[in-house]
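Step one of this worksheet: look at the structure below.
The values are calculated or read from the model by the stated rules, or taken from the named source; none is laboratory data. Since the structure is predicted, the reported quantities are computational estimates derived from the model, not experimental observations. In this analysis, Cβ positions are derived from the backbone assuming ideal geometry, glycine residues included, and neighbour counts consider all displayed protein chains. Ligands, DNA and RNA are stripped out before the accessible areas are found, and what is left, the full protein with its side chains, is counted by its heavy atoms. Shrake-Rupley method; radii C 1.70, N 1.55, O 1.52, S 1.80 Å.
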Amino acid sequence: MEIIGKKTIPAKRETVWHALNDPVILKLCLPGCESVEKVGSDEFKVTIKTAIGPLRARFQGSLKMTEVNAPESCVMLFEGQGGAVGFGKGSSSVRLRTVDEGTELSYEAKAQVGGKLAQVGSRLIDSVAKKMTDDFFKAFQDQLNPPQAAPSTAVLAQGTGMIAPSGVAALSAQETVATNLPV
C-alpha cells in the first residue's frame, strides 16, 4: 500500500516540526490512539485501537525517526502488532516547506500488512488508511489553530510560542484575562 499527499498547515515550519515530535499532540491527533510515549530522542511507543472492516484490534507499535534534518525532513519507520489480527509495518518520508500560507507538509508512505489484515482486501485497507490520514491532519490543524479560539487565545498562543490542546489554550486565555481584569 502506498499513500502520497500534501497538506498546508497555517503555522510556522518550526511549530509544525515540534508538534510532530510532541507525544501529547500526537496522542490527540492519531485516530484511536490510547497512548504515545517518547522512549528516546527520535522514538515513540504507540498504542492504537482501530477497526478495519470486521476486524477490531489494539495495535502495540513503535515509531522511529531516521534521516532527521530538523525542521525540514525525516523518514519515519513504523511497525505495529495487533495480535491475532495481524501486523502492519512501513516507512514514511516527510518534508516540511515554508509557503505563503504557512507550512506545506508532504508525505509518501509505504506500508505492508500481514495476518488476517491481509485477507480483508487492499481496497478496504486503503480506504481506512486514507480516512485515518485525513482525520489525523484535521485534528493536527485543530491543535495548532483551534477553530473555536477567541482572539485573546490566539494572541496568547502565538505570543508564547507554546502549543496546547485547544481546550487548555482557551482555558488559559480565559484565566489570564480574568486575573488581569480590574476589580
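Within the range 45-80, being over 18 Å from Ala109 (Cα atoms) and open to solvent by 80 Å² or more (accessible area, probe 1.4 Å) holds for Lys45, Lys49, Pro54, Arg56, Arg58, Gln60. Pairing each residue of the range 1-28 that is assigned to a strand (DSSP E or B) with any residue that is of a type in the set (Val, Ile, Thr), provided the two are 6+ apart or on different chains, yields C-beta distances under 6 Å for Ile9/Val16; Ile9/Thr103. Remark: pairs (first residue in the range 50-79, assigned to a loop (DSSP other than H, G, I, E, B) and modelled with pLDDT of 95 or more; second residue open to solvent by 60 Å² or more (accessible area, probe 1.4 Å) and acidic (Asp, Glu); Cβ separation under 8 Å; 6+ apart in sequence or on different chains) = Pro71/Glu14.
Looking across the range 34-44, the residues that are surrounded by fewer than 19 Cβ atoms within 10 Å (Cβ to Cβ) and modelled with pLDDT of 95 or more come down to Glu34, Ser35, Glu37, Lys38, Val39, Glu43. Residues in the range 93-104 that are free of Cβ contacts under 8 Å to residues at least 24 places away in the same chain and either among the hydroxyl-bearing types (Ser, Thr, Tyr) or under 21 Å from Val36 (Cβ atoms) (or both): Ser93 only.
Filtered by the rule that a residue be aliphatic (A, V, I, L, M) and more than 9 Å from Arg13 (Cβ to Cβ), the range 89-98 gives a lone residue, Val94.
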